[in-house]
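Single-structure report; data block below.
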Amino acid sequence: MIFEALHGSAKRGELLLIDGGYCRWHQRRDGQLTVLEIISTRPGAGREMFEWLRQRGRVLGSHSVV
């Protein structure tokens, strides 16, 4: 099940991989960007991913990140 979820997110372009972590997210039709899963294995990786998500949300027209 985990592989299928990661694969599906990757196919939709909703998987962020960085050195020290990954994040699965989904842009909803109502404009909400939802974080499905975020895993950080080094200090600062979570903040880096969240900032990327905020910027991506602006590009996509999101009104919130949840």
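The values are calculated or read from the model by the stated rules, or taken from the named source; none is laboratory data. Here the structure is a predicted model, which means the values were calculated and not measured. Glycine also receives a Cβ, built like all others from the backbone with ideal geometry; neighbour counts cover every protein chain displayed. Remember, those area values only see protein heavy atoms, side chains included, never the ligands or the DNA or RNA. Shrake-Rupley method; radii C 1.70, N 1.55, O 1.52, S 1.80 Å.
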Residues that are without any contact (Cβ under 8 Å) to a residue 40 or more places away in the chain and touching a Lys or Arg at 6+ places or on another chain (Cβ under 6 Å): does region 52-63 have at least one?
no
Going through (1) in contact with a strand residue (DSSP E or B) (Cβ under 7 Å, 6 or more places away or on another chain); (2) at pLDDT 95 or above one by one, Pro43 fails only at (1)
Residue by residue through region 30-49, note down the ones that are open to solvent by 50 Å² or more (accessible area, probe 1.4 Å) and either within 20 Å of Ala5 (Cβ to Cβ) or among the β-branched types (Val, Ile, Thr) (or both).
Leu36, Glu37, Ile38, Ile39, Ser40, Thr41
Are there any pairs with C-beta distances below 7 angstrom linking a residue in region 15-43 that is within 17 Å of Gly57 (Cα to Cα) to a residue that is of a type in the set (Asp, Glu) and open to solvent by less than 60 Å² (accessible area, probe 1.4 Å), with the two at least 6 apart or on different chains, and if so which?
Arg24/Glu14; Trp25/Glu14; His26/Glu14
Looking at region 1-29, which of the residues that are closer than 18 Å to Gln55 by Cβ and among the aliphatic types (A, V, I, L, M) is least open to solvent (accessible area, probe 1.4 Å)?
Leu16
Flag for Gly46 being farther than 21 Å from Ser64 by Cβ and of a type in the set (Gly, Ala, Ser):
no
